[in-house]
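Only the coordinates and a few stated rules stand behind these numbers; no lab work does. Given the structure is predicted, the values throughout are model-derived calculations rather than measurements. FYI the Cβ positions are ideal-geometry reconstructions off the backbone, even for glycines, and counts take in every protein chain you see.
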């Protein structure tokens, strides 16, 4: 049977059928919907925290001392920790949607939690006690501060993706570049904090243990389970 099309054209999507099917199944999954709703509700409830943190975080982007100033204020540090914890939800959803760590949802969450646990254990083991407690906290939690920025950047990137419809595979590299830039900035600021008490070689070794080893492990696990 001959099918007649208006204007003599048949419009077809540029996206592969598998990508379209995955996007449809992902958006229709009730678990994803519940988690996305929970993330939105929590962000709205604690929106005030992000307004409080805006100025301190902007200072942290420009100078290392601002990270120490956050730890100097117990209330501000707690607010930053809570804000960083809440950002795990949208980052988890993004990581699962674009298969950044694994195509399996709960495995992606396990990898993220494992990374944070390993990083925390290494910080407790590696950082010497002769470093003042406030500086140790600033080094150990610097990635929390910059992780908040990364989460907002990733969410903005997803917004652009929805408008422009970039290739999904290319998005993986975009997110990898954003995460790499965040890790590099965190390492630079941590090195500046440690420069007051440690020599250059010691700083390099500490940063390798605190950031590079967990990051390399994260990438390795992601490649294995992908």
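Please express the shape of segment 109-226 as an equivalent ellipsoid: the semi-axes are the square roots of 5 times the eigenvalues of the C-alpha gyration tensor, given largest first in whole angstrom.
30, 16, 12
Calculated translational diffusion coefficient of the chain (37 °C, 0.692 mPa s; Stokes-Einstein with Kirkwood radius over alpha-carbon pairs) equals 169 µm²/s.
Between 0 and 90 degrees, the angle of helix 213-225 with respect to the longest Cα principal axis of the chain falls at about 20 degrees.
Full extension of the segment from residue 41 to residue 163, taken as 0.36 nm per residue of separation minus the current Cα-Cα distance, would add 41.6 nm.
For segment 58-100, taking Cα atoms only, Rg and Dmax work out to 13.8, 38 Å respectively.
Just so you know, the averaged projected area of the alpha carbon convex hull for segment 21-125 sits at 8.1 nm². Normalised by the number of residues in the chain, the mean separation of alpha-carbon contacts (under 8 Å, six or more apart) gives a relative contact order of 26 percent. Taking label positions 7 Å along the Cα-Cβ direction at both residue 202 and residue 118, the computed distance is 2.7 nm, reported to one decimal.
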